[in-house]
Amino acid sequence: MKKRMTAFRVAAVVLGMLAVLMFGAVTAQASVTMKTTKAAYLRTGPSSKTTKIVKIPKGKTVTAGVSDGKYTKVVYRGNKAYGGWFPTKYLKSTGGGGSSTGTTKTTATAIWLRTGPGTNYSRIRAIEGGEKVTVLGTSASGGWYKVSYKGQTGYLRQGYFTDETMVREVATAVYIRSTPSKNGTIIGVVPAYGKVSVYSRTSNNWCRITYNGKSGYIYGGYFTTDSGSSQTTRIVKTAIYLRSSADASSLSNVIDTVPQGAEVTIVSQPSSRWYIVRYGSKTGYLRSGYFA
C-alpha cells in the first residue's frame with residue numbers, strides 16, 4: 001500500500017511539473033514595466049534551483065508579467081531578448097511606461113502609423129522620416145508607442161526614432177559596404193534573416209548599420225518589415241514553445257521558448273491553430289492566439 005501511495009505521489013508531482021512546463025509558461029496577463037534594484041540571475045523557473053539564463057544587472061528595465069510572490073516572469077532585452085523568472089524582491093515599478101506622456105520624438109525613417117500595437121493592425125498613414133510625434137503612452141505588451149500625429153492617434157513601433165537604435169532583420173543576404181554606394185568596398189555580408197542595428201538612413205536609401213561589431217552601409221529595402229515584403233512580423237504576448245511539429249501534446253518536439261514580447265516572422269499558416277514562424281535562426285510551429 002505504501003509503495004502504491006508513493007508511486008501515486010511521484011506521478012502527481014511529475015504531472016504537476018509537466019503542467020507548469022506546458023501551461024504555466026503561457027499564462028496570459030497584462031504586463032508592466034519594472035526596474036531591477038539588484039543584480040541577479042534570470043532563471044528557467046520560479047526557484048533558485050532552476051537553471052541560470054543570464055545575469056541581469058542592477059537598474060535594468062524589464063517587462064514583468066505573472067508572479068508567484070517570490071519570483072516574477074519577465075522579459076529582459078539585453079543583447080537579445082531573454083524570458084524567464086526573476087526574484088520579485090529585486091524589482092520595483094517604474095509606473096508602467098517606457099516613455100513619459102507628452103514626450104516629443106522624431107522619426108528616423110518612414111514608418112506606418114497603425115490602429116493598434118502590432119503589424120497585424122491596419123495602417124492609418126505613412127509618417128516620413130524627420131517628422132515629430134507626441135508620445136501618449138506605451139503599449140502594455142511593450143515594443144510600441146501610442147502617439148499623436150497631425151490630429152491622428154495611433155501606434156508606432158519603438159526603435160524607429162532618432163534617439164533610439166533600430167534593430168532590423170534582413171530578408172535576404174546583403175553586402176555591407178564601406179560607403180553608402182554600390183561602388184563602396186564590400187567589407188562584409190549580412191546573411192539572410194540576420195539582425196543589424198540601424199543608426200540612420202540617407203536620402204538615397206542607404207542605411208548606416210553595425211553587424212557583429214562591423215560598421216558600414218547596406219542598401220535599404222531588404223528588411224523583412226519593409227513595405228512589399230511577403231512575410232509579416234508579429235509580437236508574442238506571452239512566452240510560448242516553438243515546436244518542430246504541430247503537436248502540443250508532449251515536450252519532445254520543443255526546440256526553443258519564445259519569450260514574451262519577442263518578435264517572430266510569420267512564414268505561413270498551415271492551419272487555423274498553427275503558424276510556421278521564424279525566431280532568430282530557428283523555424284518551427286507556434287500555436288495561434290498567442291500574438292499581441
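Before moving on, here are some points about what is shown:
- Residue in segment 136-143 that is at pLDDT 85 or above and closer than 24 Å to THR33 by Cβ present: yes
- Any hit, segment 153-160, residues being at pLDDT below 80, over 30 Å from LYS49 (Cα atoms) and aromatic (Phe, Trp, Tyr): yes
- Looking across segment 176-220, the residues that are among the polar types (S, T, N, Q) and part of a loop (DSSP other than H, G, I, E, B) come down to SER178, THR179, SER181, ASN183, THR185, THR202, SER203, ASN204, ASN205, ASN212.
- Residue within segment 59-76 that is at positive phi and modelled with pLDDT of 80 or more present: yes
- Check on ILE235, of a type in the set (A, V, I, L, M, F, W, C), modelled with pLDDT of 85 or more and on the phi < 0 side of the Ramachandran plot: no
- The residues of segment 242-261 that are surrounded by fewer than 22 Cβ atoms within 10 Å (Cβ to Cβ) and either of a type in the set (Gly, Ala, Ser) or touching a Cys at 6+ places or on another chain (Cβ under 6 Å) (or both), listed by number, are SER244, SER245, ALA246, ALA248, SER249, SER250, SER252.
The values are calculated or read from the model by the stated rules, or taken from the named source; none is laboratory data. Owing to the predicted nature of the structure, the values given are computational and were not obtained by experimental measurement. So basically every Cβ, Gly included, is an ideal-geometry build from the backbone, and we count neighbours across all protein chains shown.
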